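Notes for the one structure printed next.
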Amino acid sequence: MNKTFSLSQDERITSKKQIDRLFKGGGAKAMSAYPLRVVYLAEPMGEDESTVAQMMVSVPKRFFKRAVKRNLVKRLVREAYRRNKQVLIDTLQTVEQRKTLSLCFIWTDHNLRSYEEVERKTANLLQRIAEKIGKDMAEEAENAEQ
């Protein structure tokens, strides 16, 4: 089986500390592609870290009261991420400064969407994040040279 298309447990954010860094630490950036919003934070990679990108999905209870629908949306977003994450990973691995990326996808709609639409929006967000990170890394390298 091809490892690049899996979404292993260590690619998911499970640590409360990491979630706090993502939302309270500052330095996190956000962008939207309705009905999804993504909050992401690029940090220098630690010595013991092996994963380049970690993600989580949040579906607020105010949009779907029933857990069945919230779980369905989470599965759709995770599957779309799993199939399109390579764009992001390629960008993160080509950079000289090794970075790790934390992502949180937040659902912002009261309606369910088709998988095709969710995948298109997720792919769009991942592409935009990859471009932004690539640009930021190039600027950092340029500033370091001066």
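The values are calculated or read from the model by the stated rules, or taken from the named source; none is laboratory data. Keep in mind that what you see is a predicted model, and the values were worked out from it rather than measured. Heads up, the Cβs are rebuilt from the backbone with ideal geometry, glycines too, and the neighbour counts pull from every protein chain shown. Surface accessibility is based on the protein's heavy atoms, side chains included, excluding ligands, DNA and RNA. Shrake-Rupley method; radii C 1.70, N 1.55, O 1.52, S 1.80 Å.
Given +1 at the Cβ of Lys and Arg, -1 at the Cβ of Asp and Glu and no other charges, the dipole of segment 13-137 around its Cα centre is 860 debye to the nearest 20. Residues within the reach of a label modelled at K69 (point 7 angstrom out along Cα to beta-carbon, backbone nitrogen below 15 Å), restricted to segment 107-140, are 107-114. Calculate the spin-label point distance for K17 paired with M31, positioning each point 7 Å from the Cα along the beta-carbon direction, and give it in nanometres. If labels sit at M31 and K17, their model points lie 3.0 nm apart. The residues of the chain expose, per residue, 59 Å² of accessible area to a 1.4 Å probe.
Taking all C-alpha pairs of segment 88-146, those more than 13 Å from each other amount to 69 percent.
Relative contact order of the chain, taken over Cα pairs closer than 8 Å and 6 or more residues apart, is 32 percent.
The GluC sites (Glu not before Pro) found in segment 92-146 that occupy coil by DSSP, while having at most 13 further C-beta atoms within 10 Å, are E96. Computing FRET efficiency as 1/(1 + (r/R0)^6) for E139 and Q93, where r is the C-beta to C-beta distance and R0 is 30 Å, gives about 0.95. Computed over segment 12-78, relative contact order equals 25 percent, with contacts defined as Cα pairs under 8 Å that lie 6+ residues apart. Considering only M31, L103, A67, the residue lying farthest towards the positive end of the dipole of segment 1-130 is A67, judged by Cα position with unit charges set on Cβ.
Can you give me the % of accessible surface on segment 90-142 that is carbon or sulfur? Probe 1.4 Å, all protein chains present, nothing else counted. Reported share for carbon and sulfur atoms: 46 percent. Derived from the Cα gyration tensor, the three semi-axes of the equivalent ellipsoid of the chain are 27, 16, 15 Å, largest first. Report summary: the helix-based calculation at 222 nm, which adds -39500 (n - 2.57) for every DSSP H run with n ≥ 4 and divides by the residues of the chain, gives -15500 deg cm²/dmol.
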